[in-house]
Amino acid sequence: MGGLTSCKATWNALALSLGFADAANPAGVFNASRAVNLAVLYFVIGLPRWLAPSWHLATLHRWTCLAYLEVFAIGSACRGLAHVVGIPSSMWLPATLVVAAAIAPWMRDMPLLPFADAPEDKLVGTAWGVALENFGFVDAASVARLFVFYSMGLILHPAEWLQGLAKCRFLVSAAALTCVAGHFAWTQLETPYDAATQQDWPAYYSGYAYPLRVLADASLAVLLMLAALGDSVLHRAAAFLGQFLVGTYLVHLYIFPNLVLTLSDAASSAGVGALLLTLFLMPPLYVLSLGRMAQALLTTLQVAGLALFSRVPPQGAKNSKAQ
């Protein structure tokens, strides 16, 4: 089961989707507001490491904020350099994709930030611990891989052929089933998770099969995107739940039900039907309750922060009033 929910499968598809969405953004790719939001979220989640280390609150899940912040920063730097040199996006995007895929194997076990691999007892309880954390199962190679799929999303847009295929519900369903079946088959061929090293897909970057793995991952990601582009009641329900995804992600490591025990009780008391009903109902109920409340709190804090900063007049305005 660990392989089916691995970081590789989930975050590759998300990186591709973000690249695809950013390419369609009229405000331009690599916007600064997103970078600020990610940075603030990263530091806020890490505050307990400094202010309340004895609580031992989980902060590992903030790696996604840092990883995507680095992906956007790298993309922005490449875009700026290409603009200065005069290289069109049709050339620099595929080039950076290939380079990122090529250097990823040599970035294994490198921390996401310099000095983040320092002993935890030197970081926890200090202000440095808010910024630095050794995430262990996520390394710089993961960022390079995410950038590959983010660039792939930028290249694919507008993908009219993909959106045309998504109008056929049979193809959308077939793509979803093929993606799940393909990924499940992959978990049977290779080790999806190594408990000793806490690494997802420990052999992913090894050997001559590495390029084939990247191609297989890209195929699965495109199939998943095709499945996501469909239009049905199920898609609209998923889109509604997706509004509370960030809140759910933030709260799920602090408040979580014992799913295994709940499923076991449901099966023993009411049979397989109750087990399946519980399995399908618990995730959306969690998202619509705790996830929705966390999202509302996050949105309130964001709006309050924007309002606070908007009320602070620029330094020039202060000087002009004084004069």
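Any read-out appearing in this document is the output of simple, stated calculations on the displayed coordinates, not a laboratory observation. Nothing here was measured: the structure is a model prediction, and the numbers come from that model. Glycine also receives a Cβ, built like all others from the backbone with ideal geometry; neighbour counts cover every protein chain displayed.
Residues Trp63, Trp128, arranged from fewest to most other Cβ atoms within 10 angstrom of their Cβ, appear as Trp128, Trp63. Ordering of 260-269, 14-23 by packing is 14-23, 260-269, highest average first (other Cβ atoms within 10 Å, averaged per residue). Entry note: the stretch 1-231 has Rg to Rh equal to 0.98, where both radii use alpha-carbon atoms and Rh is the Kirkwood radius. For the stretch 232-315, taking Cα atoms only, Rg and Dmax work out to 18.3, 68 Å respectively.
Among the trypsin sites (Lys or Arg not before Pro) in the stretch 117-226, those placed in a DSSP loop whose Cβ has at most 13 other Cβ atoms within 10 Å are Lys167. Computed from the Cβ-Cβ distance with R0 of 35 Å, the FRET efficiency linking Ala52 to Ser206 stands at 0.30.
Our coupling estimate for the stretch 239-245, obtained by passing each phi through the Karplus curve with A = 6.51, B = -1.76, C = 1.60 and θ = phi - 60°, is 5, 5, 5, x, 5, 10, 5 Hz, Gly and Pro reported as x. Amide H contacts under 5 Å for Gln199: Asp194, restricted to partners 5 or more places along the chain or on a different chain, H placed in the peptide plane at 1.01 Å from N.
Fewest neighbouring Cβ atoms within 10 Å first, the residues Thr187, Thr197 line up as Thr197, Thr187.
Provide, for q = 0.15 Å⁻¹, the log10 of I(q)/I(0) from a solvent-free Debye sum over equal Cα point scatterers in the stretch 102-234. Here the Debye-derived log intensity ratios amount to -0.88.
List Cys168, Cys179 from most exposed to least, where exposure is judged by having the fewest other Cβ atoms within 10 Å.
Cys168, Cys179
Basic side chains Lys and Arg get +1 at the Cβ, acidic Asp and Glu get -1 at the Cβ, and with that the dipole of the chain about its Cα centre reaches some 980 debye.
Across the stretch 192-235, the residues whose backbone nitrogen lies under 19 Å from the label position 7 Å along the beta-carbon direction of Leu245 are 218-235.
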